[in-house]
């Protein structure tokens, strides 16, 4: 799935941050994301913190809402 950062955002996410963001929007924990992406939980924690900083948000819910509202990810319910 390809992602593009909307023009609203001057700070672009790395490819790894996008993958983490997609799983974050699905509600997965850092440990679950780490397992899915074959990363350490600490690496995921760093990516999540960097996403928060780039979005100017303070928590996972705000990051997910921001990403959805700005078309950064698409949420598909099963």
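For the subset of the range 37-56 comprising residues that are part of a loop (DSSP other than H, G, I, E, B) and modelled with pLDDT of 95 or more, which member is farthest from residue 22 (Cα to Cα)? Write out each step before concluding.
Restricting attention to the range 37-56, the residues satisfying the condition of being part of a loop (DSSP other than H, G, I, E, B) are 38-40, 56.
Now drop any that are not modelled with pLDDT of 95 or more, which leaves 38-40.
On the way: 38: 15, 39: 15, 40: 17 Å.
Across the range 37-56, the extreme among qualifying residues is 40.
For the range 57-71, how many residues meet the condition of being part of a helix (DSSP H, G or I) and touching a residue at least 24 places away in the same chain (Cβ under 8 Å)? Write out each step before concluding.
We begin by selecting, within the range 57-71, every residue part of a helix (DSSP H, G or I); these are 60-69.
Next, only the ones that are touching a residue at least 24 places away in the same chain (Cβ under 8 Å) stay: 60, 63-64, 67-68.
Summing the residues that are part of a helix (DSSP H, G or I) and touching a residue at least 24 places away in the same chain (Cβ under 8 Å) in the range 57-71 gives 5.
The values are calculated or read from the model by the stated rules, or taken from the named source; none is laboratory data. This structure is a prediction, so every number in the text was calculated from the model and none was measured. Note: ideal-geometry Cβ built from the backbone for every residue, glycine included; neighbour counts use all protein chains shown.
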